[in-house]
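Participant: Handing you this structure, nothing more for now.
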Amino acid sequence: MTLLWIALLPLLGVLVPALTAQRGRSFCSLATAVLPATALVMTLLNVPALLDGEQLRFSVTWMPELALDLAFRLDGLSLLFNLLILGIGLLIILYAHYYLAKDEPFGRFYAFLMLFMASMVGISMSDNLILLWLFWELTSLSSFLLIGYWSYRSDARKGARMALTVTGAGGLALLAGLLLLGDMAGSFNMGDVLASGDVILADPRYPLMLGLVLLGAFTKSAQFPFHFWLPHAMAAPTPVSAYLHSATMVKAGIFLMARLHPAIAGSELWSVVVSLVGIVTMLYGAWFALMKTDLKGILAFSTVSHLGLITVLLGIGSPMAILAALFHILNHATFKAALFMSAGIIDHETGTRELKQLGGLKKAMPVTALLTTLAAAAMAGVPLFNGFLSKEMFFTESLATPVLGGVSWLLPALATLGGILSVAYSLRLVHAVFFKPAREEPPKTPHEPPHLMRLPVEILVVLCVVVGLFPAFMATGLLELASEAVIGSPLDFHLAIWHGVNLPLIMSLLAFVVGIALYWRHGNVRRFTQQFAGIDARRVFERILISIGYRSEQLIAALEGNSLQRYVGWLWLAALVMGGIGLVQITDLTGAAGNQPLDGILILGAVMLMFGGVATAATHRYRLISLLMLSVVGLFVALTFARFSAPDLALTQLSVEVVTMILLMLALFFLPQKTPRESSPLRNVRDMLLAGTLGLVIASLNYAVMTRDTLSISSFFVENSKPGGGGYNVVNVILVDFRGFDTLGEITVLAIAGLAIFKLLNRLRLFMPHSDGEGRVWSPDRYPAVLTSISMTLLPLALLVSAFIFLRGHNQPGGGFIAGLITAVALILLYMARGVAWAQERLDFPFQPVAVIGVAVATLTGLGSWLFGHPFLTSAFGYFSLPLIGTFELATALLFDLGVYLAVVGATLMILANLGKVTTAHRPVTETSGKDTDAAAATSSAKEPR
Amino acid sequence: MELLYAMTTGVLTACGLYLTLRGRTFPVVVGLTLLSYAVNLFLFSMGGLTTDGPAIVSEGTNYADPLPQALVLTAIVIGFAMTAFVVILAMRARSEVGNDHVDGKKEDRE
C-alpha cells in the first residue's frame, strides 16, 4: 500500500500550491515540499525490505479490457530514480522559491512542477506497460507547460511546442511499440514482460517493436537526430532546465532502455543501433557545447553529450556497462543539476547568460565560483570527483566490447575524443565566466545570491565530491540494487578510485592534455568553423511544420474545397463502399423466409410512396410543390406503419407530419421560393448515379434482411411487458420502462434542440417578401373566418383527445409522445387561425420552462426509484379502487410519460411559436404597407397591435 | 411484399440522397427529411413485416416486433427536432450571409 502512496502523493501535491498560493510564497513553497518529502521518506523506509530481497509490488485492476492495471513496483532501478526525482525535486522547489521574480505566478509554477514530478515517479514505478506509457505522455504534457511557463516570450512558446511535438510523436511511436511488446510477451505486466525476453527476441516482429520503442526513448532522451529540441527547451526558467533537462525527463528515455533491458536488449541489432546512436550523440553534443556562447546552451549540449554516453553504455549491454550507465545517471544528475542551478544564479545576479558579457566573476561571487568549478570538474571527469569514476568505467567498457566487430577499436578512440571535448568545454565554462577578464559589463552588478538559493548547489556539489572520494561507501549499496533490477542477478563489483596504471587511465590523461590544449587554441577552431553556415534547428523545424500544414490544406482543398456538396458526396461515397462490401459478402440475396403475398392496396401505397419521393426530387427547384410532394410521402409512411401493425408509429408519424409541414412552410416564406439552375448536367448525372447506386445498395440490404429469419430479443419485452412493466402496449412500456433511459436522453435532445432554435431566432433579421415567387401578392384575407371558428371548437376536443391518448398509452396505442404532439398541433392551429398576438395574450407564458420541466419530471421520476433502493428509472405500479370509478392502475411510468408529454409540447411550441413570433417582432417598419400585412397573415402570424 | 417494400425504401433513399447533394439549403433540408423517412422505414422493417399483429398483449399471439417500433418512434420525434434545427439554421444563415447557398460564403450569388 505504501507504494501506491509514493506514486500518489506527488500527484495530490498538484493541488497544494493551487490551494495555498494566496498564503504567500514562503508558505506555499513549504506546503508544496511536504508531500514529495513524505514520498521520499516512504521510499527510503522501503529500502530495508528491498535489501532483504523482497519483491515490492502493488496492483489494482483498473481497466482489464485494456490490460491496464494500476500497478506499481519498487525495485533497485525505481529506487535510484525515485531518489533522483524526489530528492532533486525538493532542491528545485527551494531553488525556485528564490529564482522566480516577485510578481510571477509561483503557484502555477509549483503546480506544473508537481505534475511533472508525479508523472516521473509514475514512470519510474509503473509495473504495467500501458500505465508507464500514460505517465510518459503526462511528462510530455507537463514539460510543455513548464517550458512554456514564460508564455509571453515567443522563444518559450516555440521551444515548448517543439519539445511537445518531438516527444509527443515519440510517445505515439512508443505506444505502438509497447502494444507490440505486450502482445509478443502475452502480458502487459512488467514482470511477465521482463521474464519473457527469449520469446520476444525470437518473434519476427521484434525489429519493428524495437524500432518503435527506441524511437520513443531517443526522442525523449534527445538522442541524435532528435536532439534538437533540447537546446530550444532552454527557454524554460532555469529551475525547470535543472530539473527536467539534467536529472529527470531526459533520463526517462534512458530509464526506459534500462527498464526494458532484460526483455529487448539481447540482440545484435540493439547493440549496434543503440551504441552507434549514442556515440554520435555524444560527439555531436560535445562539439556544440564547445561552440555555444550561451551558458545554458553549453549545458544543454553537454547534457545531450552525456546522455549519448549513457546510451552507448546501455548499447554495449554487458553487466559492467550497465553498472557504469547507472552510475553515470546518478553522477550526471548531481553535477549537471548543480551546474544548471549555478548558471541560473549567474543569470539571476548578472542579468545575462552570454559568455561575452561575463567574466572575472570570481571576485564578486567567490562561493558560486568555487561550487561551479567543482561541479565542472566532476563533469570533465577530474579524479577524486564522481564523474571521473563513471568515465573511467566507460573507457574500460569501450575497450572491452566487441559490439562493432572488426571496427570495435573505433569505440575507445571516439570515447577518448568525447573525453577531450568534455574537458575542453568544462574548462571553458569555468574559465570564461569566473577567471577571464570581462570584455563587456553585465547588465547588473554581480553579487552573491541569498544563501538558501545556493544551498541546493552546495548539497549537490558535496555529493559529487563525497561520492568521488568514497565511492564504495556512498554508492555501492544503491548501485547493487539498481543493477540487480536491470541485469536480473546480483553483480559482484568494487568501486575504487585507483586501479593502477592501465589503458583507461592513459585515455583519461590524454583527454586532459589534449582537452586543455584544445581550449587554449579554441579561438582558432571557432574561427575555422564559423566559415560554415550553421543550421538553425528551430527554423528547419518550423519550416517543416508550416509545409506539412500547407500540404494538408492543399489536400483538403483538392478533396472537398470547403464545399458542403463535395463533402456530402464523399460521405455518401464512403457509405456506398462500406455498404457494398457488406452486400458482396451475401451469397444469396433472397433469404430463407421469402416473400409474403402482395395485394392491390400494398401496390398502390408503394406506388404513391415512390411517386411522392421521385416527385419531391424532380420538382425541387419549385420549392412549394416539392414540399407538397414531401407531405404525400410523409402521409403514406404513416399509412405504411398502420398497415404493418405499428399503430403507435402511425399516430406519431401523422402528428409529426403536420408539425413538420407547418414548420417548413413557415420557413419557406423567408427563403427564396425557387432554386436557381446551377448544377451542370454532368454534375446532376453524377449525383443521380451516386444516389441511385446507394439507393440500390440500401434496397438490397433491406430486402436481404427482411427475407431472413432474424433472432430477436423482443420476445423478452412481450413476455415481461405486463408482469414487469404493468402495461399491455409493449411499445409504450419499452419507451417508458425497459428503455426509459434512452427516452430520457431523447427528450433531453428534443429540449436542447428547442432551446438552440430559440437562441438562433434571437435577433434574427429576416427578408420579408410581399409576394410569392411568381410575383403574386399574398392574399389579403387576414384570418379565414371558417378556420377561426372551427379552431375554437376544435381546441377543447383536441385537448380531450390528447388527454385520452395519454392516459390509455400504457395499454393501448398512444402515450406521451403522441399526446404531446396532438396538444401541440391543437395550440398551433390556434396561432394559425387567430395570429400570434391573439394567442399570445391567452397563452401568456414562455414555452422554454415547459420543456425543461418535462425533462426534470422525467429525471426526477427516475431518481425517485433510488429512494426505494432500486436502480435509476425502475418503475413501480399498483392497482387501486375508488367507489364509482372502479379499479384502476397507477404506475410511476405514467409520471415519466407526463415528463415526455411536457417536453414534447414545450419543445414543439418553442420551435413553432417562436418562429411565428419572428414575423411580428422584427418587422421592418419602413416597408410597412397593406401588402406586408397580408404577407404576415398568409404565414399564419399577425402584426403586433399598434 | 418484402421486395416491394425494399424497392420503396431504396427509391426514397435515392431521392433523399440526391436532394442532399444540391447546392441550396431548402432542397437539402427537404432531402434530409425524405432520407429520414427512408431510414425510419428501413429500421422499422428490421423486425420483419407483420400484418394484423400490433404489439399489444392479449390480442392474439402474432406480435409485431415492438423494439424497432419503439426506436423508430423516438427517431421520428428527434428527426422533427433536427429538421427544425437545420431549417432555422438555414434561415439564420441566409439572414447573416445574404444567400441560401449551403457553403455559407458571403458573396451574393442571387
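The values are calculated or read from the model by the stated rules, or taken from the named source; none is laboratory data. What you are looking at is a predicted structure, and each value in this text was computed from that prediction instead of being measured. In this analysis, Cβ positions are derived from the backbone assuming ideal geometry, glycine residues included, and neighbour counts consider all displayed protein chains. Heads up: the accessible areas ignore ligands, DNA and RNA and are worked out on the full protein's heavy atoms, side chains in. Shrake-Rupley method; radii C 1.70, N 1.55, O 1.52, S 1.80 Å.
Participant: Residue under question is residue A:427, and the condition is that it be within 30 Å of residue A:353 (Cα to Cα), open to solvent by less than 20 Å² (accessible area, probe 1.4 Å) and touching a helix residue (DSSP H, G or I) at 6+ places or on another chain (Cβ under 6 Å); does it hold? Talk me through it step by step, then tell me what you get.
Facilitator: On the way: within 30 Å of residue A:353 (Cα to Cα): yes; open to solvent by less than 20 Å² (accessible area, probe 1.4 Å): no; touching a helix residue (DSSP H, G or I) at 6+ places or on another chain (Cβ under 6 Å): yes.
The answer is no for residue A:427.
Participant: Quick one: is residue A:514 buried (at least 16 other Cβ atoms within 10 Å of the Cβ), at pLDDT 85 or above and away from chain B (no Cβ under 14 Å)?
Facilitator: yes
Participant: Same structure, new question: Mind listing just one residue for me: the one in segment A:722-761 that is among the hydroxyl-bearing types (Ser, Thr, Tyr) and in a helix (DSSP H, G or I) and, of those, nearest to the other protein chains (Cβ to nearest Cβ)?
Facilitator: It comes out as A:743.
Participant: Oh, and also: Scanning segment A:547-562 for residues that are part of a loop (DSSP other than H, G, I, E, B) and out of contact with any Gly (no Cβ under 9 Å at 6 or more places or on another chain), which turns out farthest from the other protein chains (Cβ to nearest Cβ)?
Facilitator: A:561
Participant: Given (1) under 36 Å from the mean Cα position of the chain (by Cα); (2) more than 17 Å from residue A:433 (Cβ to Cβ), identify the lone condition not met by residue A:327.
Facilitator: Going through (1) under 36 Å from the mean Cα position of the chain (by Cα); (2) more than 17 Å from residue A:433 (Cβ to Cβ) one by one, residue A:327 breaks only (1).
Participant: Which condition number in (1) more than 8 Å from chain B (Cβ to nearest Cβ); (2) buried (at least 19 other Cβ atoms within 10 Å of the Cβ) is the one that residue A:719 fails?
Facilitator: Going through the list (1) more than 8 Å from chain B (Cβ to nearest Cβ); (2) buried (at least 19 other Cβ atoms within 10 Å of the Cβ), residue A:719 breaks only (2).
Participant: Of all residues in segment A:861-882, how many are loosely packed, with under 13 Cβ neighbours inside 10 Å and at negative phi?
Facilitator: So the count comes out to 11.
Participant: Evaluate segment A:543-550: report whether one residue or more is in contact with a Pro (Cβ under 9 Å, 6 or more places away or on another chain) and among the small types (Gly, Ala, Ser).
Facilitator: no
Participant: Okay, moving on. Scanning for something under 40 Å from the mean Cα position of the chain (by Cα), hydroxyl-bearing (Ser, Thr, Tyr), within 28 Å of residue A:574 (Cα to Cα) and modelled with pLDDT of 85 or more, does segment A:694-712 turn up at least one residue?
Facilitator: No, because not a single residue in segment A:694-712 is under 40 Å from the mean Cα position of the chain (by Cα), hydroxyl-bearing (Ser, Thr, Tyr), within 28 Å of residue A:574 (Cα to Cα) and modelled with pLDDT of 85 or more.
Participant: Tell me yes or no: at least one residue of segment A:579-594 is assigned to a helix (DSSP H, G or I), open to solvent by 10 Å² or more (accessible area, probe 1.4 Å) and within 11 Å of chain B (Cβ to nearest Cβ).
Facilitator: Yes, segment A:579-594 contains at least one residue that is assigned to a helix (DSSP H, G or I), open to solvent by 10 Å² or more (accessible area, probe 1.4 Å) and within 11 Å of chain B (Cβ to nearest Cβ).
Participant: When you go through A:222, A:156 one by one, which is the residue that is in contact with a helix residue (DSSP H, G or I) (Cβ under 7 Å, 6 or more places away or on another chain) and on the phi > 0 side of the Ramachandran plot?
Facilitator: Answer to the check: A:222.
Participant: Next question. Just one of the numbered conditions (1) within 44 Å of the chain's Cα centre (by Cα); (2) within 14 Å of chain B (Cβ to nearest Cβ); (3) open to solvent by 60 Å² or more (accessible area, probe 1.4 Å) is not true of residue A:601; which one?
Facilitator: The number of the failed condition is (1).
Participant: Here's a check for you: in segment A:722-769, which residue that is open to solvent by 30 Å² or more (accessible area, probe 1.4 Å) and among the β-branched types (Val, Ile, Thr) is farthest from residue B:64 (Cα to Cα)?
Facilitator: A:752
Participant: Looking at residue A:82 and the list (1) under 19 Å from residue A:5 (Cα atoms); (2) open to solvent by less than 50 Å² (accessible area, probe 1.4 Å); (3) over 30 Å from the mean Cα position of the chain (by Cα), which single condition is not satisfied?
Facilitator: (3)
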